[in-house]
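Enquirer: Before I ask anything, here is the structure I am working with.
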Amino acid sequence: MLRYVGGRLLLLLITLWLISTMTFVLMHSIPGDPFTSEKKLPEQTLKALKAKYNLDKPLPQQYLLYIKNLATGDLGISIKTPNRTVNEMLEDGFPVSARLGLQAIVIASLAGIVMGMIAAVRQNRPADMILMFIAVLGISIPSFVLGPLLQKYFGLKWELFPLAQWGDGFWGEFKFTVLPSIALAFTPLALVTRLMRSSMLDVLGNDYIRTAQAKGLPPLRVLTRHTLRNAIIPVVTIMGPLVVGILTGSFVIEKIFSIPGIGKYFVESISTRDFSVIMGVTIFYSGLLILMNFFVDLVYGLIDPRIKLGEKEAG
Amino acid sequence: MGIPAHKFQRVERKAEQYEAIRRPSVSYWQDVWRRLRSNWLGMTGLIIISLLVLMAVIGPWISDYTYYEQNLLEEKNLEPSSEHWFGTDDLGRDVFTRTWYGARISLIIGIAAAMIDLFIGVLYGGIAGYKGGRTDEVMMRIVDVLWGLPYLLVVILLLVVLEPGITTIIIALTVTGWLNMARLVRGQVLQLKNQEYVLAARTLGANTKWIMFKHLIPNTMGPILVLLTFSIPQAIFAEAFLSFLGLGVQAPIASWGTMVDDALVVILSDEWWRLFFPSFFLGLTLLGFNALGDGLRDVLDPKMRK
Amino acid sequence: MAVLEVHGLHVSFDTYNGEVKAVRGVNFSLDKGETLAIVGESGSGKSVTAQSIVRLIPSPPGRIKAGEILFDGKDLTQVDKKEMYHIRGSEIGMIFQDPMTSLNPTMTVGKQIMEGLIWHQSYGKVQALQRAVEMLRIVGIPNPEKRVYQYPHQYSGGMRQRAMIAIALACNPRILIADEPTTALDVTIQAQILDLMKDLQEKTETSIILITHDLGVVAEMAQRVAVMYGGTIVETGGVEDIFHRSRHPYTWGLMKSLPRMDQKQEDELESIPGSPPDLLSPPQGCPFADRCPYAMQICHEEMPEQTKVSDSHQVFCWLEHPAAPKVNDLKVNILSK
């Protein structure tokens, strides 16, 4: 167990290092420097700027400085708005994005599990067909299409939810987050529903379900005690990819709903080619996702007693 | 009793009768096709895809307009009509032409990316699985490390740096896209290579290449085909997503993603056609490939075979 | 006195291809403390018969079309679902073929034993746990106080089957249905499990319905045997009747296909040529007629009636008919080499 966790942590660090190095190499492979595209700056200012971003030093030294800063959690300064550090931007944006993301994850996983369960139990009956139809819609409608639609109808036409700005306090904000959360959660919800359904059907076909029935347990008890737990296990394995999907989805959703989260900063930094922000956000999100995947694996090991952490997966 | 005596005559049985094979023999792919035809989900997907491909080919061709032709003076934001079947956008460009041109882009990117994934994945996973041992260990460790990289973030990063264009998108999508395929192929090969018929081929003196191409690859085709079908919509979605963020194909080339992005203003106005057509056909494409993938999985899953 | 009586049981499965008539008119009874073996090859309907008794056939597509199953004077095909839940597990226990897949992998063995007790006999948790430990000890699992907290994957195959027996017997059922209980086990373990079942049966006077295709197991365990073929019982009798005085050509075939110690090694094992009838469209006559070397015209046309050989021994075969030729005159070998 300990050895396994240690090994996984090492892998995690290697991946993090790889992505940091990759961003560094990529960002420095662009010809010229970030200021060449700007209007001609006075020699003096340019020099000062370059010194500020360590761009006057030789590349290997820049790299070492960059890795050293990363290790201490310093993600650098924005190039386009030089009085803001990337850390400040993340501090501002993260609570907003995290909230949106968490809400979406909760909607997607809880509703998905329940919907998948109902669909499986009512296999090939109307309820199943309706739920599967919703799931198909979820997979076919990208969030950047659903977002504008929700905005137009629920926000503008029927005025069910406010759109204009971000409110204050937990509940004040809540009504603003409803539509974006739904838009963000829709595709993951569909994925969870489908997976849960097929996993339930799989479990229901198992011999131990027959054993439980032969014990005389009524259907509801068989369902809660023997089916659910085993059916949820595969769903846990897609939590990692699910979070990735929601995080990247938040880029477009925050753009569409003008939500002041990390995604919005990121998209803006892409269009203004603000490289230090792009690098910073990429590394921050990568780290977050890699950690998430790590925890998902640990949880997986906990809920499935058959998995002894550290044993090699087969296949 | 009432039964006539002749009924108690012994009836000779014929040996051929009860060991006869009743079903005609069909090849693997014939069998797959036969079962796919009776799978409505898969067939729906196949029909949708066929129609979309057809329209992508002939759509821009049958229209009187081009995807880049602007008409700012007279034809801005026109409703769908007999003149412009899907209306026009804010630059007076024909939405019908642009939609089907976008379909071309999406399909080319989706299929090309999936094919490259397939090629790299089969080669890499095949070698890792077949060689096994130390080689496999090292190769899969590399995959594990790359696996941790968030797909779309890496793609975004690459696109920020590289020259924008269709080729760039395809390259960016395949940089980490092949991992899935490699893992699948390796698992399949590992599982299959110790099976009796491969051992039999080996004892008969077949060489590695022969075993790879005659035994291992045909037997891993099922799951590979399913994954391939699912990776096409994934690439199409990624392209639309990136184009929506302004990282995909560049103006004036039409892509469903850019068209949706340009159409965001209709939230405030009423030119619904500008958002509807690209969104609808993007959704339909994703639906078609996912349905075909589901259908193929049902058909190719040995557990379901009867 | 009969604990269980089955009369004219018909079970069908509705499939895409049509109605599969898996069980077509089965009759038998089971006495207290007795072991009845139902023997037959796969597809003969023996497992479906067993599962129908506790109404465990998946429905749809399966359904009991006709017949009655009398347990305690109650017809189990008619009792309502709720009552059935209380009969299953508490009055009639079941064990299945594959102990590897028949236990829930994510629940401790102890909990799986306790479940039935808590549900049927309203045991408290502590009480149920004590009983679970006791059951594990009874079925011969060493260190039960510790084992009760373990998961199935920490048990060996034989121990899992012991655990299955513990689950099935926890509530002291009057009937135990064992569906191929030893098929998936190693030969040495098989003997242990059979001994255990016999031993427990003597102590508790449980009646056992043993479903198997293994005649060795039958000889070891059963007092009475029902031979099933093509969804019907073709011969039924005491162990002695079936092993030494069998009257049905199918039973002869079964006996002869057993490998014997006195057989020369060069001799090939014998088998009955052909395969069981397609129950989608079962033959209108005797189901075995197609493979029977003695088959007469009547065999293909009409189902044979019951012939009472003795009080305990009945057979369904046209050869028993007075008009039929004597078997010894027909010089045919039932088996092919």
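The values are calculated or read from the model by the stated rules, or taken from the named source; none is laboratory data. Fair warning: this is a prediction, and the values are worked out from it, not measured in the lab. Please note: Cβ atoms are built from the backbone with ideal geometry, for glycine as well, and neighbour counts cover all protein chains shown.
Enquirer: Which of the residues belonging to the range A:204-242 are crowded, with 23+ Cβ neighbours inside 10 Å and either away from chain C (no Cβ under 13 Å) or of a type in the set (Val, Ile, Thr) (or both)?
Expert: A:Thr211, A:Thr227, A:Leu242 - these are the residues of the range A:204-242 that are crowded, with 23+ Cβ neighbours inside 10 Å and either away from chain C (no Cβ under 13 Å) or of a type in the set (Val, Ile, Thr) (or both).
Enquirer: Condition first: part of a loop (DSSP other than H, G, I, E, B) and among the basic types (Lys, Arg). Now tell me which residues in the range C:47-75 satisfy that.
Expert: Once the filter is applied, which keeps residues that are part of a loop (DSSP other than H, G, I, E, B) and among the basic types (Lys, Arg), the range C:47-75 yields only C:Arg55.
Enquirer: Looking at the structure I just gave you, is A:Ala135 under 27 Å from B:Ile236 (Cα atoms) and aliphatic (A, V, I, L, M)?
Expert: It is true that A:Ala135 is under 27 Å from B:Ile236 (Cα atoms) and aliphatic (A, V, I, L, M).
Enquirer: Tell me, yes or no, whether the range C:91-107 has at least one residue that is within 13 Å of chain A (Cβ to nearest Cβ), modelled with pLDDT under 90 and closer than 20 Å to C:Gly8 by Cα.
Expert: no
Enquirer: In the set B:Arg13, B:Arg23, B:Arg37, which member is basic (Lys, Arg), surrounded by 12 or more Cβ atoms within 10 Å (Cβ to Cβ), at pLDDT below 65 and on the phi < 0 side of the Ramachandran plot?
Expert: Step by step, each of B:Arg13, B:Arg23, B:Arg37 is checked, and only B:Arg13 is basic (Lys, Arg), surrounded by 12 or more Cβ atoms within 10 Å (Cβ to Cβ), at pLDDT below 65 and on the phi < 0 side of the Ramachandran plot.
Enquirer: Against the condition surrounded by fewer than 21 Cβ atoms within 10 Å (Cβ to Cβ), more than 7 Å from every other protein chain (Cβ to nearest Cβ) and under 22 Å from the mean Cα position of the chain (by Cα), how does A:Pro260 come out, does it pass?
Expert: When the stated conditions are applied, A:Pro260 passes them.
Enquirer: If you scan the range C:16-36, which residues turn out to be farther than 22 Å from C:Thr77 by Cα and either in contact (Cβ under 8 Å) with a residue 60 or more places away in the chain or buried (at least 17 other Cβ atoms within 10 Å of the Cβ) (or both)?
Expert: C:Asn17, C:Gly18, C:Gly33, C:Glu34, C:Thr35
Enquirer: Using the structure shown, decide if B:Phe276 is touching a residue at least 60 places away in the same chain (Cβ under 8 Å), among the aromatic types (Phe, Trp, Tyr) and surrounded by fewer than 24 Cβ atoms within 10 Å (Cβ to Cβ).
Expert: Criteria not met by B:Phe276.
Enquirer: Look at B:Ala251 and say whether it is free of Cβ contacts under 8 Å to residues at least 60 places away in the same chain, more than 11 Å from chain A (Cβ to nearest Cβ) and over 15 Å from B:Val122 (Cβ atoms).
Expert: yes
Enquirer: Among the residues of the range B:192-205, is there at least one that is within 14 Å of another protein chain (Cβ to nearest Cβ) and assigned to a helix (DSSP H, G or I)?
Expert: Checked the range B:192-205: at least one residue is within 14 Å of another protein chain (Cβ to nearest Cβ) and assigned to a helix (DSSP H, G or I).
Enquirer: Also, quick follow-up: Considering only residues of the range A:157-196 that are modelled with pLDDT under 85 and in contact with a helix residue (DSSP H, G or I) (Cβ under 7 Å, 6 or more places away or on another chain), which is farthest from B:Phe230 (Cα to Cα)?
Expert: A:Gly167
Enquirer: When only residues in the range C:208-234 that are out of contact with any helix residue (DSSP H, G or I) (no Cβ under 8 Å at 6 or more places or on another chain) and part of a strand (DSSP E or B) count, which is farthest from C:Thr251 (Cα to Cα)?
Expert: Step by step, filter the range C:208-234, then rank; the result is C:Thr232.
Enquirer: Another question, then. Would you check which residues across the range A:25-44 are within 14 Å of chain B (Cβ to nearest Cβ), modelled with pLDDT under 85 and part of a helix (DSSP H, G or I) and list them?
Expert: Listed by number, the residues that qualify are A:Leu26, A:Met27, A:His28.
Enquirer: In this structure, does C:Val225 turn out to be of a type outside the set (Ser, Thr, Tyr) and either buried (at least 21 other Cβ atoms within 10 Å of the Cβ) or assigned by TED's automatic domain parsing to the domain that holds C:Thr35 (or both)?
Expert: Judged against the criteria, C:Val225 is a match.
Enquirer: Among A:Val136, A:Val106, A:Val145, A:Val192, which is the only one that is away from chain B (no Cβ under 14 Å) and either surrounded by 14 or more Cβ atoms within 10 Å (Cβ to Cβ) or over 27 Å from A:Ser286 (Cα atoms) (or both)?
Expert: A:Val192
Enquirer: A further question follows. Of the residues that sit in the range B:82-95 and are surrounded by fewer than 22 Cβ atoms within 10 Å (Cβ to Cβ) and either at pLDDT 80 or above or of a type in the set (D, E, K, R) (or both), which one is farthest from B:Leu282 (Cα to Cα)?
Expert: Taking the candidates together, the pick is B:Glu83.
Enquirer: From the list B:Leu153, B:Leu107, pick out the single residue that is away from chain A (no Cβ under 14 Å) and either among the aliphatic types (A, V, I, L, M) or not in a helix (DSSP H, G or I) (or both).
Expert: Matching residue, one of B:Leu153, B:Leu107: B:Leu107.
Enquirer: Only residues that are part of a loop (DSSP other than H, G, I, E, B) and under 15 Å from C:Cys171 (Cα atoms): list them for the range C:118-158, please.
Expert: The answer is C:Ser122, C:Tyr123, C:Gly124, C:Val139.
Enquirer: Hey, another quick one. Tell me which residues, restricted to the range C:58-85, are facing chain A (nearest Cβ under 10 Å) and surrounded by 15 or more Cβ atoms within 10 Å (Cβ to Cβ).
Expert: Across the range C:58-85, the qualifying residues are C:Met84, C:Tyr85.
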